[in-house]
Amino acid sequence: MKKWLIGMLVCTCLIGSGSSFAVATAEAQAAAAITVTVNDRLIDFDTKPMIDHGIVFVPLRFIVNELGGQIAGSSNNEVIITKGTKTISMKVGSKKITIDDKELELQAAPKLINGRTLVPLRVLSEVFGATVHYENHQVHIHTVTEETTRGNSIGNLNNGGWYVSDQEWIYYNNQNDSGRLYKEKYDNSENQLVSDDKYIGALNLVGKQLYYTSDNKLFKCDIDGANRTLVHDFGLGANLVSIVGDWIYYTQGTYMYKPLYRMKLDGTARELLVNYQVSSIAVTNGKIYYTIEAQKLFVMDTDGRNKKKLLTGNYITWVEVKGQSLYFNYKGKLYTMHTDGTALTQISDLDARNINIQGDRLYFSNYSEYSKKLYRLNLLDHTTQKLSEDKVYYVHILNKKLFFYNPDIRVVEEIEIEGA
């Protein structure tokens, strides 16, 4: 999940020798001028932020939505908030706040003003994984999303999302049992059926829950298979699904390529991001790199803002991201360019597909050959090496294990590779 950062304790030092009335007047004037941005987006409140005894208070609901949380209930002055797998409870007039089973004490109690709950800024850092900076009546709130928050790697999801893992288990689509969901220990000592759902894909692991597609639906269950729940019904057709942070990014529609949406982990708060035919997505570092009908490559913020075209051309597919570089198949060749769209460079004349990156190595199926064998390209010197004589589809990587589907014998094969 998101890395929970303890932000700055924000307070406004009011210095003066006047009466308490003068201090209150100064606080009221300062509050009237306070502006709040979340991830550089200006928030418009119907109840304004305020300052009380040098502490800045902000309306909770507006900021919770921007930080990827959701107010699950509000009654008797108690507010319950969910964010990912966490549940937060706080009460107006009480300094005590509960995060799951842990109780903390706030610097000041939440207030109820004009029907809105206002909280001290420190709540945003301690509870919502945000860094907070206050200066000259301006509040700047930022969230930090790290790669550990993602449900599966870009490369694995581009290849169907058949495999995902935690520290102990590998969860996978068992091609020997109609694509049912199984789990196996890394040392191969145990192998168990997790779900009877068939032909699962888009596996994402979020905490102790697995998300996966089956029968044109998105399900979630515990890692032992318990508490299976329908999250979303796509209707029909294959769909792209990627979970990063507290959001599920997915495509849905009636054509082969579909519009792009996002929703919360429980399937609520659905938002349309791109109303065109999206053919691939790569979500990372607060950005979505996506292709339209495999002919245009775009980038945008994860909330759909700041769309920018990076490249136009025939056949742009298998987009992978490493650091500040994109790697993809362009017109049947392997290319790279910077994430801002500059420095487009061909790094191999091979028709690289089923692309997946591990460390400084890019693995791919070579469609320049009829046999489509497995190759590896060194990202430092761009040299290539053949790794297998078998035909290769659906390349998945988990640490030092690489899995691929061999259509000639209809089995998934496994080889050992260099670790990350």
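Figures for the structure shown
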read-out	value
Dmax and Rg, reported as Rg then Dmax, of segment 49-113 (C-alpha, Å)	11.8, 34
Stretchable slack from Ile223 to Gln346, in nm (0.36 nm times residue separation minus alpha-carbon distance)	40.1 nm
Full-stretch length increase - Asn77, Lys111 - with 0.36 nm per residue and alpha-carbon distance subtracted	11.3 nm
Label point distance in nm, Lys91-Ser371, each placed 7 Å from Cα along Cα→Cβ	7.2 nm
Ellipticity estimate at 222 nm from DSSP helix runs (n ≥ 4, -39,500 (n - 2.57)) divided over the chain, nearest 500	-2000 deg cm²/dmol
Helix axis angle, 20-32 relative to the chain longest principal axis, alpha carbon, degrees	30 degrees
Dimensions (Å) - segment 31-82, Cα atoms, principal axes, largest first	31, 27, 18
Value of relative contact order over the chain, rounded to a whole percent, pairs C-alpha under 8 Å and six or more apart	9 percent
Reachable lysines, given that their alpha-carbon falls under 16 Å from the alpha-carbon of Lys86 and they are not under 8 places away in the same chain	Lys2, Lys3, Lys102, Lys208, Lys264
Per-residue ³J(HN,Hα) for segment 194-203, Karplus 6.51 cos²θ - 1.76 cosθ + 1.60, θ = phi - 60°, Hz, x for Gly and Pro	9, 8, 7, 4, 9, 6, 6, x, 6, 5
Simple spin-label estimate for Leu104 and Asn378 in nanometres, 7 Å along Cα-Cβ	4.8 nm
Over segment 35-143, relative contact order from alpha-carbon pairs under 8 Å, at least 6 apart, %	26 percent
Segment 35-143 - convex hull of alpha carbons, volume per residue in Å³	94 Å³
Relative contact order computed over segment 62-202 (Cα-Cα under 8 Å; 6+ residues apart), in percent	10 percent
Set Lys220/Lys307; Lys185/Lys322; Lys48/Lys111 screened for pairs whose C-alpha atoms are more than 20 Å apart	Lys220/Lys307; Lys185/Lys322
Dipole in debye (nearest 20) - the chain, about Cα centre, beta carbon charges: Lys, Arg +1; Asp, Glu -1	820 debye
Magnitude of the charge dipole, segment 152-247, Cβ model with Lys/Arg +1 and Asp/Glu -1, debye to 20	220 debye
Dipole axis of segment 35-143 (+1 Lys, Arg; -1 Asp, Glu on Cβ), positive-most option in Ser94, Ser75, Gln138	Ser75
Dipole of the chain, positive end: most advanced residue of Pro120, Asn176, Gly253 [Cβ charges, Cα centre]	Gly253
Listed residues Phe234, Gln107, Tyr394: farthest to the positive end of the dipole of the chain (Cβ charges)	Phe234
Amide proton proximity set for Lys217, modelled H, under 5 Å, gap of 5+	Phe234
Geometric extent, Cα atoms of the chain - Rg, Dmax (angstrom)	24.5, 86
Distance between modelled label sites at Thr254 and Asp196, nm, 7 Å Cα→Cβ extension	3.4 nm
Neighbourhood net charge (10 Å Cβ-Cβ; Lys/Arg +1, Asp/Glu -1) for Arg228	-2
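The numbers here are math on the coordinates, done by the rules we state, and not lab data. Small disclaimer: the values here were computed from a predicted structure and weren't measured. Note that we place each Cβ from the backbone using ideal geometry, even for glycine, and neighbour counts take in every protein chain shown.
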